[in-house]
1. Those residues that are loosely packed, with under 10 Cβ neighbours inside 10 Å and within 18 Å of residue 21 (Cα to Cα), I need them from region 34-48; list them, please.
2. Of all the residues that make up region 25-44, how many are in contact with a strand residue (DSSP E or B) (Cβ under 8 Å, 6 or more places away or on another chain), in a loop (DSSP other than H, G, I, E, B) and either at pLDDT below 95 or within 14 Å of residue 13 (Cα to Cα) (or both)?
3. Need pairs with beta-carbon distance below 8 Å; first residue at negative phi and touching a residue at least 12 places away in the same chain (Cβ under 8 Å) and within region 3-29, second loosely packed, with under 14 Cβ neighbours inside 10 Å and assigned to a helix (DSSP H, G or I); sequence gap 6+ or separate chains.
């Protein structure tokens, strides 16, 4: 079962991150595919990619790899998903 609002927010978070980390005239690819009843979203960009720290901790609640962010618009929930069902 998909909770539409949560799915939409999660996908938009990832897309927003791609926009923020891709330089002007960079490339962002957004796609989706279904296989065996599972929906997969793909977001790829020509940005700098994840740091080693982000790869280790990126799905933890409130993790923010970019310490320069002031917290006014970012809360560190971009890749954190909790099972609500």
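1. If we filter region 34-48 for residues that are loosely packed, with under 10 Cβ neighbours inside 10 Å, which is where we start, we get 34-38, 40, 48.
Answer for region 34-48, where residues must be loosely packed, with under 10 Cβ neighbours inside 10 Å and within 18 Å of residue 21 (Cα to Cα): just 48.
2. To start, the set of residues in region 25-44 that are in contact with a strand residue (DSSP E or B) (Cβ under 8 Å, 6 or more places away or on another chain) comprises 26-34, 39-44.
Subsequent filtering for residues that are in a loop (DSSP other than H, G, I, E, B) retains 26-27.
Going one step further and asking which of them are either at pLDDT below 95 or within 14 Å of residue 13 (Cα to Cα) (or both), we end up with none.
Residues meeting the conditions: 0.
3. 28/19
The values are calculated or read from the model by the stated rules, or taken from the named source; none is laboratory data. Worth saying up front: this structure is predicted, and the values here are computed from it rather than measured. Neighbour counts are summed over all protein chains in view; Cβ atoms, including those assigned to glycine, are modelled from backbone coordinates with ideal geometry.
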